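Novice: Can you read through this structure? Questions will come right after.
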Amino acid sequence: MRLPQTPSFRLDGRRALVTGASSGIGLGAAAALAGAGAAVTLVARRAGELEALRDAIRASGGQAEALALNITDLAATATALAGRGPFDVMVNSAGLARHAPALDTTPADYDAAMDLNLRAAYFLTREVARGLIGAGKPGSLINVSSQMGHVGGPDRAVYCANKHALEGMTKAMALEWAPHGIRVNTLCPTFIRTPLAEQTLAFPERRAWILSKIKLGRVGEIEDLMGPVVFLASDASALVTGTHLIVDGGWTAE
C-alpha cells in the first residue's frame, strides 16, 4: 500500500512580502516564512527596525531584504512592488486601531483606520495579485484580519467595520482569482501580546474582560500565529481559499 504524503510546509524558492514587519504579528510572520525557506521582503515605515529584523533573519540563515514604505501611498507601493515582484506569498499585517465609543468616533480616526486597514489592504492585495497573474504564477495572499471581523466589541465600531469589510473583500477576490491559482485568505487572531494590544491589556478591567472571552484562558503570543501563517502560505493549504483561519482561543465559539 502506498500511503498518502503530507504536503510540504516548506517555502524554499518562493518570495514573500510581509507588511507591518517591523514589530508584532508582522515580525513573527516574517520570521516564520523565512524559517520555512522563503526569501522575505520586509515592509514597514520604520527603516531602522526593518533593517534590524533583516539582519537577524540573515544571521539565522534566512533570506530577507528591507523596504521602508508607507502602503497608504498607493502610487509608491505600486511602483515598489512592480520593481520587486512577483511575490508568491503576501502577508499584510500593517494596521492600526483607534478605539473609542461609537458616539465619540472622530472623522479623522475613522479615516485613518479605514485608510490603512481597508483601503491600503485592498490595493496592496490587488497589486500582488496583478504581478502573479502577469507572470502566470499561483500564489497565497493572506490579510491579517481579526476575530473582530466576525463579532463585535465595545469601543470597536470602526475596527470591526474595517475587519468585517476585509473578510468580504477576501471572499470576492478569492472567487475572482481562483482560476489563476491564487488563493486569498485571512488570519484572524484574538488579542496577541504586541505593543498595540498592550494599550488595551494595560487596563485591568479590559484584561479581565478579554480573558473571560478567551476560553483557553490566556492572551495569545506571536508564536501562536507563526504556524498558521506557514500553513496558509504553503502547499499544506492548497485547497483553502476565500475563508478565514481564526486563532482566538475559543472566543468566537460562543
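The values are calculated or read from the model by the stated rules, or taken from the named source; none is laboratory data. If you're wondering where the values come from, they're calculated on a predicted model, not measured in any experiment. Cβ coordinates were reconstructed from backbone atoms using ideal geometry, including for glycine residues, and neighbour counts include every protein chain displayed.
Novice: Search the stretch 226-254 for residues that are farther than 15 Å from V91 by Cα and pair each with any residue that is hydroxyl-bearing (S, T, Y) and crowded, with 19+ Cβ neighbours inside 10 Å when their beta-carbon atoms are under 6 Å apart and the residues are at least 6 apart or on different chains.
Specialist: Correct list of pairs: D248/T190; G249/T190; W251/T190.
Novice: Ok, one more. Suppose we keep only residues that are within 29 Å of G250 (Cβ to Cβ) and surrounded by fewer than 16 Cβ atoms within 10 Å (Cβ to Cβ) within the stretch 110-168. Which one would you say is farthest from the chain's Cα centre (by Cα)?
Specialist: P154
Novice: Follow-up question, since we're still on this one. State which residue pairs qualify: first residue in contact (Cβ under 8 Å) with a residue 60 or more places away in the chain and inside the stretch 81-100, second residue surrounded by fewer than 17 Cβ atoms within 10 Å (Cβ to Cβ) and among the aromatic types (F, W, Y) in any location, beta carbons under 9 Å apart, and separation of 6 or more residues or different chains.
Specialist: Once the first residue is in contact (Cβ under 8 Å) with a residue 60 or more places away in the chain and sits in the stretch 81-100, its partners that are surrounded by fewer than 17 Cβ atoms within 10 Å (Cβ to Cβ) and among the aromatic types (F, W, Y) give R98/Y110.
Residues checked against (1) over 30 Å from L118 (Cβ atoms); (2) among the hydrophobic types (A, V, I, L, M, F, W, C); (3) surrounded by fewer than 24 Cβ atoms within 10 Å (Cβ to Cβ):
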site: T6; (1), (2), (3): yes, no, yes
site: G13; (1), (2), (3): yes, no, yes
site: A16; (1), (2), (3): no, yes, no
site: A34; (1), (2), (3): no, yes, no
site: E49; (1), (2), (3): no, no, yes
site: G62; (1), (2), (3): yes, no, yes
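Novice: Sticking with this structure for a sec: Does the stretch 60-79 hold any residues that are more than 14 Å from T41 (Cα to Cα), β-branched (V, I, T) and in contact (Cβ under 8 Å) with a residue 40 or more places away in the chain, and which are they?
Specialist: T72
Novice: Next question. I'm trying to understand the selection: among the residues of the stretch 211-230, which are surrounded by fewer than 15 Cβ atoms within 10 Å (Cβ to Cβ) and either of a type outside the set (K, R) or assigned to a strand (DSSP E or B) (or both)?
Specialist: S212, L216, G217, E221, E223, G227
Novice: So which of A102, A76 ends up being surrounded by fewer than 16 Cβ atoms within 10 Å (Cβ to Cβ), more than 21 Å from the chain's Cα centre (by Cα) and hydrophobic (A, V, I, L, M, F, W, C)?
Specialist: The match here is A102.
Novice: Find the residue count for the stretch 170-210, including only residues that are surrounded by fewer than 20 Cβ atoms within 10 Å (Cβ to Cβ), out of contact with any strand residue (DSSP E or B) (no Cβ under 6 Å at 6 or more places or on another chain) and modelled with pLDDT of 95 or more.
Specialist: 8
Novice: Would the stretch 150-173 turn up any residue that is touching a Pro at 6+ places or on another chain (Cβ under 6 Å) and either without any contact (Cβ under 8 Å) to a residue 60 or more places away in the chain or not in a helix (DSSP H, G or I) (or both)?
Specialist: yes
Novice: Is it fair to say A39 is within 22 Å of E127 (Cβ to Cβ), hydrophobic (A, V, I, L, M, F, W, C), at pLDDT 95 or above and buried (at least 23 other Cβ atoms within 10 Å of the Cβ)?
Specialist: Considered against the rule, which asks whether it is within 22 Å of E127 (Cβ to Cβ), hydrophobic (A, V, I, L, M, F, W, C), at pLDDT 95 or above and buried (at least 23 other Cβ atoms within 10 Å of the Cβ), A39 comes out as no.
Novice: For the stretch 211-254: of the residues being acidic (D, E) and either modelled with pLDDT of 95 or more or within 15 Å of the chain's Cα centre (by Cα) (or both), which is farthest from A32 (Cα to Cα)?
Specialist: By that ranking, first place goes to D248.
Novice: Can you tell me which residue in the stretch 129-143 is nearest to A174 (Cα to Cα), limited to those that are in contact with a Gly (Cβ under 7 Å, 6 or more places away or on another chain) and not in a loop (DSSP other than H, G, I, E, B)?
Specialist: L132
Novice: What are the pairs with Cβ atoms under 6 angstrom where one residue, in the stretch 33-51, is under 16 Å from D235 (Cα atoms) and the other, located anywhere, is part of a loop (DSSP other than H, G, I, E, B)? Sequence gap at least six, or different chains.
Specialist: A34/G62; A36/R10; A36/L11; G37/R10; G37/L11; G37/D12; A38/L11; A38/R14
Novice: Where residues in the stretch 1-29 are out of contact with any Lys or Arg (no Cβ under 6 Å at 6 or more places or on another chain) and without any contact (Cβ under 8 Å) to a residue 40 or more places away in the chain, which of them is farthest from A80 (Cα to Cα)?
Specialist: Restricting to residues being out of contact with any Lys or Arg (no Cβ under 6 Å at 6 or more places or on another chain) and without any contact (Cβ under 8 Å) to a residue 40 or more places away in the chain, the top hit is M1.
Novice: Confirm whether S146 is of a type in the set (S, T, Y), in contact with a strand residue (DSSP E or B) (Cβ under 8 Å, 6 or more places away or on another chain) and farther than 22 Å from F9 by Cα.
Specialist: Criteria met by S146.
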